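Heads up, the thing below is written out as structure tokens.
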Amino acid sequence: MTHDFFTRYSHKKLKKYTHEQMSYTYWFVFVYDRSDEDILRVRELNNKYLNRTITAEEKEEWIAGIKGALNALDLQRIEWNVRLIGDFELLKLHFEVKTWSHGDIPKVNDFVRILDNIQQIRDTGMVMPSTPQVPVQPLTIYQKWNDIEKTMCDVVLIYSRVVGSINYCGEIYAGERNGGL
């Protein structure tokens with residue numbers, strides 16, 4: 001996957017890393033806390049842009065990616081997370097993913113594919129009682145995108161706990177002494 005346009009994350013702790021640097025790790029970034037305030041901020045910046053009153057700082061904020069607006073960066077992050085989950089050894093999932101670039105316009109079949117991938121992820125059974133159901137079309141409200149990313153986050157959390165617990169089932173961790181001492 002190439003991520004030429006995907007130059008940085010807006011999350012404070014991850015801002016110093018490029019996506020290419022992060023792609024060599026199994027770091028996940030999930031955004032499932034979008035709110036009405038985020039939507040209001042997008043509308044405010046849109047109006048300022050249309051009225052030509054937007055400041056350089058606000059333009060930078062817009063370009064960096066705002067939680068209230070779905071853009072190529074969000075879609076690329078979601079696709080990247082899906083791909084990483086598909087690489088989990090115990091799950092043995094295979095996903096079709098797309099690399100997004102600025103200017104790409106999502107089509108209905110892109111959203112269908114994303115929802116199908118999320119359903120496969122949720123169907124692994126590694127979910128919590130609070131894990132949301134996979135949303136249905138149309139994906140026109142931020143709560144549905146929150147549900148998509150929250151579902152992936154929950155599966156990753158449970159998977160990491162399962163994988164982390166495997167070591168405790170071995171000989172040394174089961175209370176036996178090493179080498180018969």
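The values are calculated or read from the model by the stated rules, or taken from the named source; none is laboratory data. Remember, it's a predicted structure, so these values are computed and weren't measured experimentally. Every residue, glycine as well, gets a Cβ built from its backbone with ideal geometry; the counts of neighbours run over all protein chains shown. Areas reflect the complete protein model, heavy atoms only, side chains present, ligands, DNA and RNA absent. Shrake-Rupley method; radii C 1.70, N 1.55, O 1.52, S 1.80 Å.
Per-residue answers, yes or no, for (1) without any contact (Cβ under 8 Å) to a residue 40 or more places away in the chain; (2) open to solvent by less than 50 Å² (accessible area, probe 1.4 Å); (3) in contact with a helix residue (DSSP H, G or I) (Cβ under 9 Å, 6 or more places away or on another chain); (4) in a helix (DSSP H, G or I):
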site: I78; (1), (2), (3), (4): no, yes, yes, yes
site: L90; (1), (2), (3), (4): no, no, yes, no
site: H94; (1), (2), (3), (4): yes, no, yes, no
site: N109; (1), (2), (3), (4): yes, no, no, yes
site: V127; (1), (2), (3), (4): yes, yes, yes, no
site: W145; (1), (2), (3), (4): no, yes, yes, yes
site: M152; (1), (2), (3), (4): no, yes, yes, yes
site: V155; (1), (2), (3), (4): no, yes, yes, yes
Among residues of region 30-54 being out of contact with any helix residue (DSSP H, G or I) (no Cβ under 6 Å at 6 or more places or on another chain) and not in a helix (DSSP H, G or I), the residue surrounded by the most Cβ atoms within 10 Å (Cβ to Cβ) is S35
The residue from I121, I105, I148 that alone is among the aliphatic types (A, V, I, L, M) and over 22 Å from D33 (Cα atoms) is I105
Within region 55-76, the count of residues that are closer than 27 Å to D110 by Cα and either hydrophobic (A, V, I, L, M, F, W, C) or assigned to a helix (DSSP H, G or I) (or both) comes to 12
If we keep only residues of region 129-143 that are among the hydroxyl-bearing types (S, T, Y) and open to solvent by 70 Å² or more (accessible area, probe 1.4 Å), then the residue nearest to E37 (Cα to Cα) is T140
Counted residues in region 137-150 being closer than 20 Å to T124 by Cβ and in contact with a Pro (Cβ under 6 Å, 6 or more places away or on another chain) come to 2
